[in-house]
1. Taking interchain pairs and intrachain pairs at least six residues apart, which have beta carbon atoms under 8 angstrom, with the first residue in the range 109-121 and open to solvent by 10 Å² or more (accessible area, probe 1.4 Å) and the second at pLDDT 85 or above and of a type in the set (Phe, Trp, Tyr)?
2. Test Lys34 against the criterion of being surrounded by fewer than 10 Cβ atoms within 10 Å (Cβ to Cβ) and either hydroxyl-bearing (Ser, Thr, Tyr) or closer than 20 Å to Tyr110 by Cβ (or both), and give yes or no.
3. Restricting attention to the range 93-108, does a residue exist that is more than 26 Å from Val51 (Cβ to Cβ) and surrounded by 15 or more Cβ atoms within 10 Å (Cβ to Cβ)?
4. So the check is Cβ under 6 Å with 6+ separation or different chains; which pairs have a first residue in the range 68-94 that's free of Cβ contacts under 8 Å to residues at least 40 places away in the same chain and farther than 22 Å from Leu10 by Cβ and a second one that's outside any helix (DSSP H, G or I) and open to solvent by 40 Å² or more (accessible area, probe 1.4 Å)?
5. Would it be correct to say that Val92 is over 30 Å from Lys115 (Cα atoms), part of a helix (DSSP H, G or I) and in contact with a His (Cβ under 7 Å, 6 or more places away or on another chain)?
6. How many residues does the range 122-162 contain that are of a type in the set (Ser, Thr, Tyr) and touching a residue at least 40 places away in the same chain (Cβ under 8 Å)?
7. Select from the range 1-31 the residues that are open to solvent by 100 Å² or more (accessible area, probe 1.4 Å) and farther than 15 Å from Ala63 by Cα and list them in ascending order.
8. Determine whether the range 34-46 contains at least one residue that is in a loop (DSSP other than H, G, I, E, B), touching a Leu at 6+ places or on another chain (Cβ under 9 Å) and at pLDDT below 95.
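The values are calculated or read from the model by the stated rules, or taken from the named source; none is laboratory data. Predicted, not measured: the structure shown is a model, and the values here were computed from it. Heads up, the Cβs are rebuilt from the backbone with ideal geometry, glycines too, and the neighbour counts pull from every protein chain shown. Just so you know, the surface numbers come from the protein's heavy atoms only, side chains and all, with ligands and any DNA or RNA stripped out. Shrake-Rupley method; radii C 1.70, N 1.55, O 1.52, S 1.80 Å.
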Amino acid sequence: MKEWKISYGLLACISILFILYALVANFIIDPGAKAFLSHKIGLKCELNLPVWINVMHVHVAFACIAMATGLLNFSNRVFEKSRKLHRINGYVYLVSVLLVVLTSGYMAPYATGGKISSMVFNALNLIWLFITITALVQIKKKRIIRHRNWMIRSYAFCFTNMTIHLITSLFYQGFGLNYATSYTIGVYGSIVLLLIIPNIIIRNINRSRKAVVG
């Protein structure tokens, strides 16, 4: 229990800081995404800038909502006090994920790195949606542990942007690769990490539960 509280507290700190960063960076510091767009060169699809920016803002807003609602629903206190709030909050998370996926689908053809990046973004969106719907199906069948495990896998995808930019910065600023190549590596690397890390977490949770029961 103590280990879970520490882990949840760490997750909450990371999630809240990233939400604040995303909102400030995209709506206050650089609402026109000039810094990000400066790396988009050689696009084969013509970019309708006003539409793209509006879609990007919707994408960021609902990504933040998904991260916040997902975090709230991992709270044992919320679950124990109000199952109804947990359920409603879960549906808000589901709708937010759907809107993030739809807006990401619109922006994918304009992804930095070209078609090789946009294909992975589309695959990532489909995987996230499949995982989230699977979590919903599991709770409908009253399989609480399986629902929790699939939600852990789903919530990991809320950190897609963070993971991409961390890997991109490593290769761009650390190893000196050009930005487009670094970003493409970031996209591919993120999808691998976001599929592996949740399963490690789930395995550790299950091991801890067995140790307590034993």
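1. What qualifies is Tyr110/Trp52; Gly113/Tyr183; Ser118/Tyr110; Val120/Tyr188.
2. Against the criterion (surrounded by fewer than 10 Cβ atoms within 10 Å (Cβ to Cβ) and either hydroxyl-bearing (Ser, Thr, Tyr) or closer than 20 Å to Tyr110 by Cβ (or both)), Lys34 qualifies.
3. Quick first cut of the range 93-108, residues more than 26 Å from Val51 (Cβ to Cβ) only: 93.
From what's left, surrounded by 15 or more Cβ atoms within 10 Å (Cβ to Cβ): 93.
Checked against the condition, which is being more than 26 Å from Val51 (Cβ to Cβ) and surrounded by 15 or more Cβ atoms within 10 Å (Cβ to Cβ), the range 93-108 yields at least one hit.
4. Sorted first by the residue in the range 68-94, then by its partner, the list stays empty.
5. On the way: over 30 Å from Lys115 (Cα atoms): yes; part of a helix (DSSP H, G or I): yes; in contact with a His (Cβ under 7 Å, 6 or more places away or on another chain): no.
So Val92 fails the test.
6. So the answer is 2.
7. Met1, Lys2, Glu3, Lys5, Ile6, Leu10, Ile28, Ile29
8. yes
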